[in-house]
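These notes are about the structure you will find just below.
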Amino acid sequence: MAYKITSQCISCNLCESVCPTGAIKVEGTRHWIDSELCTNCVGSIHTVPQCKAGCPTCDGCVKETNDYWESWFAKYNRVIGKLTKKQDYWERWFDCYSQKFSEQMQKHQGEILGV
Ligand code: SF4
Ligand code: SF4
């Protein structure tokens, strides 16, 4: 799970210069972390996440606390997007599945009601 920058950030830029993977992005004064690039500093020479360690605020930079399924779907979407080269593959699959499911339900209800 990647780190993220919160509204407590005071835009001091410290984290940008210490991140070993270039995951910290700056748009104007807004800082954010690209979760695709953030490795939690694992595999680098650092033993602790540098953005959190160097941040002068209490909670300007914190670990993401996505729930399990949110995180699972985000990862699944990234993998499917890379494999199929379609960023909306999952949404399209879900829409199609929902439609088929709805049709089956209506048909089943029709059979029960004798319509
Ligand atoms: S945890 Fe490490 S890799 Fe991730 S954004 Fe912070 S400094 Fe960069
Ligand atoms: S080190 Fe903390 S306060 Fe400074 S830019 Fe990064 S998140 Fe914001």
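Taking the longest Cα principal axis of the chain as reference, the axis of helix 89-113 is set at about 30 degrees. Of the trypsin sites (Lys or Arg not before Pro) found in the stretch 86-115, the ones in coil according to DSSP and having at most 16 other Cβ atoms within 10 Å of their Cβ are K86.
When the GluC sites (Glu not before Pro) in the stretch 1-110 are filtered for DSSP coil states and for at most 16 other beta-carbon atoms within 10 Å of their beta-carbon, the remaining sites are E36, E64. Computed over protein heavy atoms with a 1.4 Å probe, the carbon and sulfur contribution to the accessible area of the chain reaches 56%. Under a model in which nothing but the beta-carbon of Lys, Arg (+1) and Asp, Glu (-1) is charged, the chain shows a dipole of about 280 debye around its Cα centre. Suppose R0 equals 30 Å; then what is the FRET efficiency for K86 and Q8 from their Cβ-Cβ distance, rounded to the nearest 0.05? Calculated transfer efficiency: 0.25.
In the context of the full set of protein chains, the stretch 42-90 has a per residue accessible area of 76 Å² (1.4 Å probe).
Converting phi to 3J(HN,Hα) with the Karplus coefficients 6.51, -1.76 and 1.60 and the offset θ = phi - 60°, the stretch 19-36 yields 5, x, 10, x, 7, 8, 10, 10, 10, x, 9, 8, 10, 8, 10, 7, 5, 6 Hz in sequence order, with x at every glycine or proline.
The values are calculated or read from the model by the stated rules, or taken from the named source; none is laboratory data. Predicted model only: the values in this text are computed from it and were never measured. Don't worry about glycine lacking a Cβ; one is built from the backbone with ideal geometry, like all the others, and counts go over all protein chains shown. We work out accessible area using only protein heavy atoms, side chains counted, and drop any ligands, DNA or RNA first. Shrake-Rupley method; radii C 1.70, N 1.55, O 1.52, S 1.80 Å.
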